[in-house]
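Below is one structure, written out as structure tokens; comments come after it.
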Amino acid sequence: MFSTDSISVSSAGGVSRRTASIPELFDEVARAYAHRPALTDGDTLRSYAEVQSLANRLAGRLRALGVGHE
């Protein structure tokens, strides 16, 4: 569903088409909707800010282990 030609959502609720990576698009959405629900699992709810923080921690750990771009 996602490609490098992505639809971005602004904090004002506007939509524009631009070229962006999936991580860039998620960062933009996470900034715009930081405290809104992003994921739920049963009684557990994670906001966009929480998901972004967890993803950044995981990315840092993977880089520390030597994982890089393909």
State whether one or more residues within segment 17-36 are modelled with pLDDT under 90 and aromatic (Phe, Trp, Tyr).
yes
Filter segment 18-31 down to the residues that are over 8 Å from the mean Cα position of the chain (by Cα), open to solvent by 30 Å² or more (accessible area, probe 1.4 Å) and farther than 12 Å from Ser53 by Cα and list them by number.
Arg18, Thr19, Ser21
Pick from segment 37-70 the residues that are among the acidic types (Asp, Glu) and either in a loop (DSSP other than H, G, I, E, B) or modelled with pLDDT under 90 (or both): which of them is least open to solvent (accessible area, probe 1.4 Å)?
Asp43
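The values are calculated or read from the model by the stated rules, or taken from the named source; none is laboratory data. What you see is a predicted model; the values in this text were computed from it and never measured. Note: accessible area is taken over every heavy atom of the protein model, side chains too, but ligands, DNA and RNA are not part of it. Shrake-Rupley method; radii C 1.70, N 1.55, O 1.52, S 1.80 Å.
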